[in-house]
Amino acid sequence: MPLSSALVASIVSAVIETVVQSAGSVDAARYDSYVAKRMLPPEARVGFMQPPPGNGTIVIDDRRLPLSPVARFRNEKNLIVMPMSLRQPSNVVYINDNFGNVHRVWLISQAQADSIERD
């Protein structure tokens, strides 16, 4: 007896959904151990950043600093985030480019900020 195309499509869809759901379930402790091992540059500075105002600058430790045209922000899980998506003040580690613009910013936890010596 031949299978109908609707039945085959339903089976394939169920198999794909199961694979996608199982791929999305990552062991959180194992993932966090990878994130905790991220290496921050030794020349980086520690600061407290206000949410970016969207005018090509950011405010870190009450100082308005220009952003590099290719500035990159990473969250606590080391994922790239858009600066305008940041809505809360955050502890950060940052580096400047050769022109003095903020080039890279890493958001860090309070525990990480406490463990890093400030300038």
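Read-outs: derived from the displayed coordinates by stated rules, not from any lab. Because the structure is a prediction, the values reported are computed rather than measured. Counting neighbours? That spans all protein chains shown, and the Cβs are built from the backbone with ideal geometry, glycine included.
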| Gain on full stretching of the segment that runs from Ala113 to Ser10 - 0.36 nm per residue minus C-alpha separation | 32.0 nm
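If I take R0 = 30 Å and measure r between the Cβ atoms of Gln50 and Thr18 in this structure, what FRET efficiency does the formula 1/(1 + (r/R0)^6) give, to the nearest 0.05?
For R0 = 30 Å, the calculated efficiency reads 0.10.
Would you mind getting me the FRET efficiency between Leu65 and Glu43? Use the beta-carbon distance for r and R0 = 22 Å, nearest 0.05. Don't jump to the answer; show the numbers that get you there.
Details: r = 16 Å, r/R0 = 0.71.
It comes out at approximately 0.90.
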| field | Amide H contacts under 5 Å for Leu67, placed H, 5+ residues apart | value | Thr57, Ile58, Val102
| query | Under a plain spin-label model, where a point goes 7 Å from the Cα along Cα-to-Cβ, how far apart in nm are Thr57 and Asn96? | reply | 1.5 nm
